[in-house]
Every structure is written in C-alpha cells, then in structure tokens.
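See below for the structure under consideration.
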Amino acid sequence: MARPNRVTVRPYQVGFGDCFLLTFHYRSGDDRHVLIDFGSTGEPRGFHDLANDVARSIHQECGGKLHAVVATHRHKDHISGFATKANGKGSGDIIAACKPDVVVQPWTEDPKAKPDAKTATAGARSPKAFVAALRDMHAVAGAVAKEAQRLAAQRSTAGADDDEGDTAAAPTAKRQSPLLKRLAFLGDVNLPNKSAIDNLIRMGKRRGAKAFFVNCGSKSGLEAVLPGVKVHVLGPPTLKQTDSIRTQRQRDETEFWHFQAQASQRAVTPSRRLFPRARVLEGARRPKASRWLLRQFRSIRGEQLREIVRILDKAMNNTSVILLFEVGEQLLLFPGDAQIENWRFALSQPKIAKLLERVTFYKVGHHGSLNATPKSLWRGFANRAGKPKPSRLRTAVSTMAGKHGDTARETEVPRSTLVAALKAESDFFTTQDILASEKRLFEPQTIDL
C-alpha cells in the first residue's frame, strides 16, 4: 500500500483534557484511524454526558474500527474517557468495541515492570525504581484530594467564627478558596484512574492486538497499521538515557514518594492526633485568640500540599509519550503533556532537532502551559511565519481556561504569552472555540500530504 495522501486531525471538545482522532486517508480508500488520548477534568458549559457523546462520535467517524490507541500518560485529563462501566455502556466500552490493533503507552506503564529490577542506571538503583515511585505518587494524590475536601468542608462549617477579628480581609463561607480549588483539581487529575488503565491493558491483550510500551528511540508499534508513515518516538526517555524526568531530588527518589505517601495517609486519618487525650474545642468554643493562628497553620499546610502535588503533577507529565508522524514533507507532532525535563533529552539529539525544525502541525503541549513548549522547541520550528502562507505552521490546543495554574504567578493554562506567540506565527486553533450551541464536538482539519 502506498503512503497516505491526506490526514484529517479531529481535536475534540473535552474541556480541560486531550482527545485527538487522526485519520490517514489512502487512495485505495482504506482509511486508518489513530486515537491519541481521551480524557477530561471538566466539561465546558452547555455540554452534557460529554464522554459518551465523544466516544460515540469517535465510533462513528472511524466506522467502528480503530487501528491504534495512544495513551500518552496516565493523567485523568488524558485517559478518563477509557474508563468502563459495569453495565458495559461507559465511554471506554465504546472505544474497546472499536477493537484497536495497537495500544501505545509510555514505558512506565508496562505491567510487567518490576520495582526491584536489577539493571543499574546512573542516578538510580534501577530503571524501574521510578515506576515504584509513580505508584506511591498516586497514594499522595488520593490523600491530597481527600484533604482538600476536608479543608473545604471545615472552612464552610467554620464560617465567620474563624474569621472573627479580621473582618476586612475575611473570606466568607460561600467563597471557595482558590488554593483549595487548585489542590482538589491537582489531586483529582493525579488519581490512578484504575478502570481506564485496566481497559487499556485489556485492549492491548485482545486477540490479534498488541501493546507497546515505548521510550525515546524505540519502535512505536504504529508502523504495522500505518503503511507509508514514519513514526518517531521522541519521549519519554528511560532512566538509562537520562534521569531528568525525575523532578524530585536525585538521591532516594523512590523513598521520597514512599515517605510522602505514608505521611499523607497519616495526615488525613481523623483518628491520628498528636495529643490524643487533649481536649478538643471546636466552633464557638474555640478561644478567639487562637483563630488567627489556626488560619495561618491552615494556609501553610495548604501551600505545602500544593507544592508536593505540583512536583507530583510535573513528574507524571514527564512520562508523556512524544510522537512525530512523518509523511513526505508533513511532520505532525503530538507531545501529550511532556514538559521541559522530558523534552531536554530529545532536543539534545542533533538528528531529532533537525526533524523538529520541519514540523508542520504541532499539538500544543499540556493544554498551553509555558513549560511544555520550550523556547528552543518553538524557535526551532522553521515553518513559523508572521503572515499566512501555504507552508505556515499549524497549531492546535485542547484546553479550558481557569482550571490550572495562576494568573498572578504567571502559570495560568493556557498561558497568555504562549497563545499570543501561537496566534502571531502559526495558523492557530483552540478547542475553546467549539461551543455547545453549535452542536458539534470537533473541528476537523485536513492536511494534504
């Protein structure tokens, strides 16, 4: 079979998440369909039952047959749509019914990966020690999500009592703390998504299908289902290639998360009290002099939890699969949520850097966060142009404002300065432009190859 002559990219409206369906069109009429991610952490206004609606749309667009599924990493906003239901009517059940021939995930998701593997690498006891750390990270995420709920409930029930004596700056019980919102969001995103993960494993084990757990430089597994297409795996690196994907301290990385998991579980267990026999004074019985101090303790605790979960979130993003599809003169780049530590290894390889110069379509990393589009990557795209022209770079971002980051800290997602650069030097598209009132779920973009 000759190489495809067109590709259709469908960015789906999934709120804060990613879902891209690629269809490679061949002159023979034998189209090939690849789904890259399917997840969300917040439905945009006006949409209802979005996961199942998107799944049914994918099923229809691919004619009930997917040739490949790529799950770039295990964050909820990338894989929640693969979750199944006991009644067999979940969005993940609809995708599984499309019987993908190939399922691609990062090497860190290999179910056969053992934490006690003996292969030595620089800076770590074993290449799979990081996998053990990822498991402990989920325990931390669960504890943080639970703690955010507890603090929010505590804040609501305490109301004005806690704020007495500081009325000028006192928060009300009705106003939700931005810090608690961010904690709840980050904790939820990093939860294990067991149903989705199990479904991905089952799809890869289906008779006639094959699972690939990839790293920078490895075979993608997509070659068998995409004739005439070169697929370059640019990330994530293994710990043999680089240990920069670990964002916590270099020594004892497994123990770092193991101890954090233990401490987090203890912290959110109500029965765990430092002085179990001491009297407890709640609400109006609490001495007025203590209320200011308690607010400061809660603020410090919240900031510390946020810093821990930000480190966790970054580590998960840096396990993202980065795929570059090359067909003739067209190069389509899909980096998941890869951040700078993941990118650093790929960008340091001269051959990869030369390939990236030729990118013609860029799926913007991590929903438009600044750290996911390194300046060296962006400046290296030779097809950037200030004025429209046939060869101008195309960019697409799947995102939702107000869910992640902080404008005051200049970490908001999507980052305004990045979006301005994308609009100025590329043909830019954002899923935020897909509105419920228009009764559509995706905006197709066809690229002649």
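Read the figures in this text as sums done on the coordinates, not as results from a lab. Since we're looking at a predicted model, the values are computed, not measured. Please note: Cβ atoms are built from the backbone with ideal geometry, for glycine as well, and neighbour counts cover all protein chains shown.
Quick look at the values:
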item	result
Per DSSP, loop GluC sites (Glu not before Pro) in segment 355-432 with at most 12 further Cβ within 10 Å	GLU410
Ranked ARG384, ARG285, criterion: other C-beta atoms within 10 Å, fewest first	ARG285, ARG384
Listed pairs LYS210/LYS240; LYS65/LYS85; LYS194/LYS375; LYS76/LYS351; LYS85/LYS363 exceeding 27 Å between Cα atoms	LYS194/LYS375; LYS76/LYS351; LYS85/LYS363
Förster-model FRET efficiency, 35 Å R0, ALA86 and ASP448, C-beta, rounded to 0.05	0.20
Segment LEU294-SER218, extension gain: residue separation times 0.36 nm, minus the distance between their alpha carbons	22.1 nm
For SER376, SER437, SER57, SER320, order by how many other beta-carbon atoms lie within 10 Å, fewest first	SER437, SER376, SER57, SER320
Gain on full stretching of the segment that runs from ARG285 to ARG379 - 0.36 nm per residue minus C-alpha separation	27.8 nm
Relative contact order computed over segment 13-81 (Cα-Cα under 8 Å; 6+ residues apart), in percent	40 percent
Ranked list, fewest to most other Cβ atoms within 10 Å of each Cβ, for HIS48, HIS33, HIS366	HIS48, HIS33, HIS366
